[in-house]
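Everything below concerns the one structure shown next.
The values are calculated or read from the model by the stated rules, or taken from the named source; none is laboratory data. Keep in mind that this is a model prediction, so the values were computed, not measured. All Cβ positions, even for glycine, are placed from backbone atoms using ideal geometry, and neighbour counts span all protein chains on display.
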Amino acid sequence: MANEDLSRLRIDKSQAVISPSRRRKPLYWIFALLLMALVAGLYLTGFIAPAETVEVTSVSLMYPSQTFTTLNASGYVVAQRKAAVASKVTGRLVSMLVEEGSKIKKGQVLARLENDDTLAAVDQASANLNAARFNLKQAQAELHDAELSYNRSKELMAEGLISQSAFESSEARYKKASASVDAAEAAVRGQDAALKSAQVALEYTLVRAPFDAVVLTKNADAGDIVTPIGAAANAKSAVVTIADMDSLQVEADVSESGLHNVSVGQPCEIQLDAFPDLRFRGELHMIVPTADRSKATVLVKVRFIDKDDRILPEMSAKVAFLSRQVKPGEQDPRTVINPAAVMDRDGRKTVFLIKDDRVIEKGITAGDTLGDMVEVAAGLNAGDRVVLKPSVKLKDKDRVKIAEQ
């Protein structure tokens, strides 16, 4: 009985329960295999592929004229007709009639000085001239009367009807009246000259423009003492500074070694720092016949062919000396790219455009070759970055790392 009870307490191994941990092991292996397959798939598709290091170039704008430029120089816009306008006499400025930027014509009054004394002198000289003219008329009337009397006396004397003394008296009166007319005429000329002198003195109190120009600076204002030489401590010499805007030219320094590349009449293209996106047509006007030994340069002057109100004196400028004239259609900039960035894929021109840390394969329309660059007629914009010399392994949407320059 006791042995039978003990045998009942033994565990039948054939009927033992499999532990849960042993049942999960195949699941772990399946999960691991699926994860490996997923990683392999992502790697093969490039999603988690290591970033490829690439060189980058930028899409830029280029003017066609840059391909036939023989020399470049820099300088400044300078007015060839410029004047510091001052008065011819010393006096107090009573009115200023222009300001900076005013367009003026030759002879226009720019400012007025106090002129009460000169106005009075003009009035006095005018009155004296009128008096002299009246005296001349009176003398001419007396001469006419004396001439008639003298002619009658000659006739009577010839007939013996008057004495010799009466004839001589009539003759003397005629000569005296003639001399009086001469004196009156001289007096008129003298008073006329005095009037002109007074008018010149009055004109000196008006500051006028010597030529058509634009006012650059206003150096004095009403109440200031102005003088031709500015000797007094509180006196101003120049009232305004003006410049003829039609005489604007670019004065640039050309190195002596590059002087053989320029000649008078040569076409040029002018770029102002104030307007970097504009190009102005120009022509070499003059090569100044002297060199600057300290800089080993020669000064040249380039005139503007097209006038523009935006061009101002003292602006910084760059000049490109061209081997020929710019043709129609070459005035506008072109979008260009380094040809080493362009690929031939299935008969199409493509590039790898960089977006963040990945590349996007993009088709483009290539145009003319401009120097060592190629025109992009469509597909890219100036400022876009593309891969330079892309490898054959590089694919669309690959991760990339930009090489350090």
Selected residue [under 30 Å from Glu55 (Cβ atoms), among the aliphatic types (A, V, I, L, M) and surrounded by fewer than 16 Cβ atoms within 10 Å (Cβ to Cβ)] from Ile337, Ile354, Ile360: Ile360
Within the stretch 275-312, tally of residues that are in contact (Cβ under 8 Å) with a residue 12 or more places away in the chain, assigned to a loop (DSSP other than H, G, I, E, B) and over 17 Å from Ala243 (Cβ atoms): 4
Scan of the stretch 97-107 for residues that are surrounded by 16 or more Cβ atoms within 10 Å (Cβ to Cβ) and either in a loop (DSSP other than H, G, I, E, B) or touching a helix residue (DSSP H, G or I) at 6+ places or on another chain (Cβ under 9 Å) (or both), ordered by number: Val98, Ser102
Residue within the stretch 299-315 that is surrounded by 13 or more Cβ atoms within 10 Å (Cβ to Cβ) and either at pLDDT below 90 or polar (S, T, N, Q) (or both) present: no
From Ala193, Ala177, Ala172, residue being touching a Leu at 6+ places or on another chain (Cβ under 9 Å) and either farther than 30 Å from Thr297 by Cα or crowded, with 18+ Cβ neighbours inside 10 Å (or both): Ala177
Hits in the stretch 122-147 - residues which are farther than 30 Å from Lys176 by Cα and surrounded by fewer than 18 Cβ atoms within 10 Å (Cβ to Cβ): Asp123
Among the candidates Pro276, Pro289, residue that is surrounded by fewer than 17 Cβ atoms within 10 Å (Cβ to Cβ) and more than 18 Å from Thr69 (Cα to Cα): Pro289
Candidates Ala235, Ala252, Ala166, Ala231 - the one that is at negative phi and at pLDDT 95 or above: Ala252
Test: residue in the stretch 385-405 that is among the hydrophobic types (A, V, I, L, M, F, W, C), at pLDDT below 85 and part of a strand (DSSP E or B): yes
Residue check, Pro333 within 36 Å of the chain's Cα centre (by Cα) and free of Cβ contacts under 8 Å to residues at least 12 places away in the same chain: no
Subset of the stretch 386-405 that is surrounded by 16 or more Cβ atoms within 10 Å (Cβ to Cβ) and under 41 Å from the mean Cα position of the chain (by Cα) - its residue that is farthest from Asp357 (Cα to Cα): Leu388
Residue within the stretch 347-358 that is under 30 Å from Gln266 (Cβ atoms), in a strand (DSSP E or B) and at pLDDT 85 or above present: no
Members of the stretch 262-273 that are more than 12 Å from the chain's Cα centre (by Cα) and buried (at least 16 other Cβ atoms within 10 Å of the Cβ): Val262, Gln266, Pro267, Cys268, Glu269
So Ala377, is it in contact with a strand residue (DSSP E or B) (Cβ under 6 Å, 6 or more places away or on another chain) and assigned to a strand (DSSP E or B): yes
Residue satisfying condition, being of a type in the set (A, V, I, L, M), out of contact with any Leu (no Cβ under 6 Å at 6 or more places or on another chain), over 30 Å from Asp117 (Cβ atoms) and not assigned by TED's automatic domain parsing to the domain that holds Met286, within set Val254, Val214: Val214
Residue in the stretch 118-129 that is assigned to a strand (DSSP E or B), under 21 Å from Pro228 (Cβ atoms) and not aromatic (Phe, Trp, Tyr) present: no
